[in-house]
Amino acid sequence: MDPTEKEKKTREIVRDELNKVLDEKLSKWAVPDGYVKCPKCGELIKQNFECPYCTEDKEKEDVDDLF
């Protein structure tokens, strides 16, 4: 591997890690008071309530299992 390829590879790895950290921090920062992000799907839901999106998916799976 020549030095330019090593540098490109290193920059790519650093860029990916930086994007992960920034996405995590920004997603926590943009949540309004009284809301949380669903741990399963990431949608905004009211605090102390079940996620309607995950419960819908679960109900669909239960119905599909019956047939």
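All of the numbers you see were taken from the coordinates with simple rules; none came from a lab. Just so it is clear, the model here is predicted, and its values are computed rather than measured. Counting neighbours? That spans all protein chains shown, and the Cβs are built from the backbone with ideal geometry, glycine included.
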key: the stretch 17-25 - phi-based ³J(HN,Hα) in whole Hz, Karplus 6.51/-1.76/1.60, Gly and Pro as x   = 5, 5, 4, 4, 5, 5, 4, 5, 5
key: Pairs of Lys in the stretch 1-46 closer than 13 Å at Cα, counting only those 8 or more apart or on different chains   = 4
task = First measure r as the distance between the Cβ atoms of F49 and R15, then evaluate 1/(1 + (r/R0)^6) with R0 = 30 Å and state the FRET efficiency to the nearest 0.05.
result = 0.20
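Once fully extended, how much extra length lies between E24 and T4, figured as 0.36 nm per residue of separation less the alpha-carbon to alpha-carbon distance?
Working it through step by step, the gained length comes to 4.2 nm.
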